[in-house]
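Novice: Below you'll find the structure I mean.
Please treat every number below as a calculation from the coordinates, not as lab data. Please read these numbers as outputs of a predicted model, since none were measured by experiment. Glycine gets a Cβ as well: all are built from the backbone with ideal geometry, and neighbour counts include every protein chain shown.
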Amino acid sequence: MKIEVWAHRGASGYAPENTLPAFLKAYECGADGVELDVQMTKDGQLVVIHDELIDRTSDGKGLVCDYTFGQLRQFNFNQQFPEYGKVLIPTLEEVLLLMKEKGMYVNIELKTSIVFYEGIEEKVLQLVKDLKMEDQVIYSSFNHYSIVRIKELNPDAKCGLLYDDIPVNMCGYALKLGVEALHPLVYTVRYPHFMKEAQKAHLDINVWTVNEPRDIQLSINAHVHAIITNYPDRVKTMMKN
Ligand code: G3P
Ligand code: MG
């Protein structure tokens, strides 16, 4: 099976993370898909952004959930790459439409561990359904209650569990929750017994965040399902060699 390459927050090594330029860049780099983070504004709009605060990536300050969508659109999200000029925070719909047009796979990470976004799971599922993109999406979250909720709402929705560190029996836990994938740190694949367990459980292993050549090679050798990276072109080149 071919290993998939998913651009982390878009091709965030080259363009402002989680913005349309980064997702377009992912396409130009030859990525098979993208990973993005979704949160919700004060007026219930689904927006694509990693931090709960807008401070690091924009010229504004404060929590995403304290702003309406109209207010958030006033800020410039180009902080990491000022050469991009004015860059707007995108809605989930804008990103999904672009990915649909490009035929790319989408890993939607629900950022629900810190702020409680009531009804975000329903909203995300509904949007994906309306856009007829159910076959090209996987949902993930560090908040496993969010994943359980997604599965309750749509048992056919493909889901992956995000986690840090290397806990014992993640595969058994994943099967209990009925998910299709695990999203561990890349170092996890060093443990052959973990990879064997995952294979036996028919779980896809999608690793993050794989940027350095040594980690890329590690992931290739482990035959993971997907490599989540800020530099999709780097991974593609190493996969050819
Ligand atoms: O989904 C993989 C990765 O994005 C998880 O961590 O903090 O970059 O969202 P984070
Ligand atoms: Mg993420």
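Novice: Antiparallel as a % of all DSSP beta bridges within region 4-240, to the nearest 5?
Specialist: Of all bridge pairs located within region 4-240, approximately 15 percent are antiparallel.
Novice: Moving to a separate point now. For a label point 7 angstrom out from the Cα of residue 65 toward its Cβ, which stretches of region 82-98 have the backbone nitrogen within less than 17 Å?
Specialist: none
Novice: I need the Debye-formula profile for region 159-241: one equal scatterer per C-alpha, no solvent, reported as log10 I(q)/I(0) at q = 0.17, 0.18, 0.25 1/Å, two decimals.
Specialist: -0.62, -0.69, -1.21
Novice: Among the lysines, select those whose C-alpha is under 26 Å from the C-alpha of residue 151, and discard any that sit fewer than 8 residues away in the same chain.
Specialist: The reachable lysines, counting only those whose Cα sits under 26 Å from residue 151, are 42, 100, 111, 123, 129, 132, 176, 196, 200.
Novice: Please give the FRET efficiency for residue 196 paired with residue 114, using the beta carbon to beta carbon distance and R0 = 35 Å, rounded to the nearest 0.05.
Specialist: The pair residue 196/residue 114 has a calculated efficiency of 0.50.
Novice: So for the pair residue 169, residue 212, with labels modelled 7 Å out along Cα→Cβ, what separation do we get in nm?
Specialist: Using points 7 Å along Cα→Cβ, the separation is 3.3 nm.
Novice: On to the next question. Taking the Cα centre of the chain as the origin, how large is its charge dipole in debye, to the nearest 20, when only Lys and Arg (+1) and Asp and Glu (-1) carry charge on their Cβ atoms?
Specialist: It comes to approximately 520 debye.
Novice: Where in region 20-50 does the amide nitrogen come within less than 18 Å of the point 7 Å from the Cα of residue 73, taken along Cα to Cβ?
Specialist: It comes to 20-21, 39-49, nothing else.
Novice: How long are the semi-axes of the equivalent ellipsoid of the chain, taking √(5λ) for every eigenvalue λ of the Cα gyration tensor, in whole Å from largest down?
Specialist: Sorted largest first and rounded, they come to 28, 22, 16 Å.
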